[in-house]
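Each reported figure results from applying straightforward, stated rules to the coordinates on display, with no laboratory input. Note that the structure is predicted; figures quoted are calculated from it, not measured. Positions of Cβ are backbone-derived with ideal geometry, glycine not excepted, and every protein chain shown enters the neighbour counts.
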Amino acid sequence: MRIYILIAAIAGGVTWLVTPLIRHLAIRIGAVGQVRARDVHTVPTPRMGGLAMLIGFAASMLFASRIPFISGLFESGHQAWVILAGAIAVCLLGMADDLWDLDWMLKLAGQLLISVFVSWGGIQIISLPLGSLVTASPSLSMAITAFLIVASINAVNFVDGLDGLAAGIVAIGGIAFGAYSYIIARISPSYASMATLIDVALVGMCVGFLLHNWHPAKLFMGDSGSMLLGYLITCASIVVTGRLDPATIHTSIYLPAFMPILLPILVLFLPVLDMCLAIVRRLSRGQSPMHPDRMHLHHRMLRIGHSVPSAVLILWGWAALFSFGSLTILFVPASYALMGFIVATCLLTVATLYPYYRRRMPEIRQENAALAASKKAPAEHCSGRIASKED
């Protein structure tokens, strides 16, 4: 465990150190996000922070490859280098979008190409939850893997709308999934786990970047960062399937503990939910799924009355609920886990809606008073008419 903490510290430290340099580079080459109608920020802010996170991730991976405890993961295969190569490609694609605002179809084509390359390099879903873990055909494995990677990349990209939001949500998911992969690795002769390694490096670089990205942000991660985060956390979840033997493991054992095909969805529940809502909303209006708007979850939080920091913290809370709530069934009975989930949901719901009701309560009192006055006036008028007739 101490080795993993050291790797996370290296990823975070390197990211934190190089982020100011990347900020100056972004300003120099013109990678500055102008204020658009759908944006929350009010001043032009440099982006391309994903390059700083990539440098932190690469530094931690290179360091890990020299540690005896983990070096076997690099020597036994080329999986780690394929993931790193894919991360570089995803980040470069995002940097191109940060600089030139690529057409969404061109960007999607690039994401698919990178996903197919990574899948072809051996990062694949190798089993499917169909009664028992059934080995999928190579072509089906590549298709499912490419779909999951592209979906996660865009899910994180969709939720990246407030300072620190995407980095915090992915860091929370990385901690939860890192704990899961570490538990899985403990049943093997060696505790070394590629999934855990990716997760701790991911969490480290997110924390290092958050120190510069908290509101008001000095630098945005841009598409280079959001796409990188979605790619890495999905690769970590896919790598875990290499430890599950379809011939010996039944679905009933691992279904409560994240079936491999469900892991990215559960860990990235909020980004996936936001993406699905956006796609349905835009298609119902006859628009492109990538058409921008101000109806994302973070926009709704601001409309309710939250400040940017409070909206981010509450959305982090929802992300932690779904990420760690799924893990609790590994350690406590399902009934207790469900009870805790319900209590936490109620508390987060109150925190989410509090600004709305605080603003609405005086308005509701005024409306009730006006309604009572309107009902009282006809009654007084009628009683006055009756008294005049008696006279």
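Observations
- Taken one residue at a time, the phi angles of segment 200-213 give Karplus couplings (6.51, -1.76, 1.60, θ = phi - 60°) of 5, 5, 4, 5, x, 6, 5, 5, x, 6, 4, 5, 9, 9 Hz. Gly and Pro are set to x.
- Using a simple spin-label model with pseudo-atoms 7 Å out from Cα toward Cβ, Ala372 and Thr328 lie 4.1 nm apart.
- Taking θ as phi - 60° and the Karplus parameters 6.51, -1.76 and 1.60, the scalar couplings of segment 342-357 work out to 5, 4, 5, 4, 4, 5, 5, 5, 4, 5, 5, 8, 4, x, 5, 6 Hz in sequence order, x denoting glycine and proline.
- Applying 1/(1 + (r/R0)^6) with r as the Cβ-Cβ distance of Val350 and Ser310 and R0 = 22 angstrom yields a FRET efficiency of 0.95.
- Cα-projected label distance for Met290 with Leu140, points at 7 Å along beta-carbon direction, nm: 3.0 nm
- Protection proxy ranking, peptides 67-80, 226-239, average beta carbon neighbours within 10 Å, highest first: 226-239, 67-80
- Rounded to whole numbers, the Karplus 3J(HN,Hα) couplings from phi for segment 7-24 are 5, 4, 5, 5, 4, x, x, 5, 4, 4, 6, 8, 4, x, 5, 5, 4, 5 Hz, using 6.51 cos²θ - 1.76 cosθ + 1.60 with θ = phi - 60°, and x at Gly and Pro.
- Between the beta carbons of Leu6 and Arg186, assuming R0 = 22 Å, the FRET efficiency works out to 0.70 to the nearest 0.05.
- Cα gyration tensor category, rounded, prolate or oblate, for segment 266-309 with a/c compared to 1.5: oblate
- The H on the amide N of Gly33, modeled in the peptide plane, is under 5 Å from the matching H of Thr45, Arg47, each at least 5 residues off or on a different chain.
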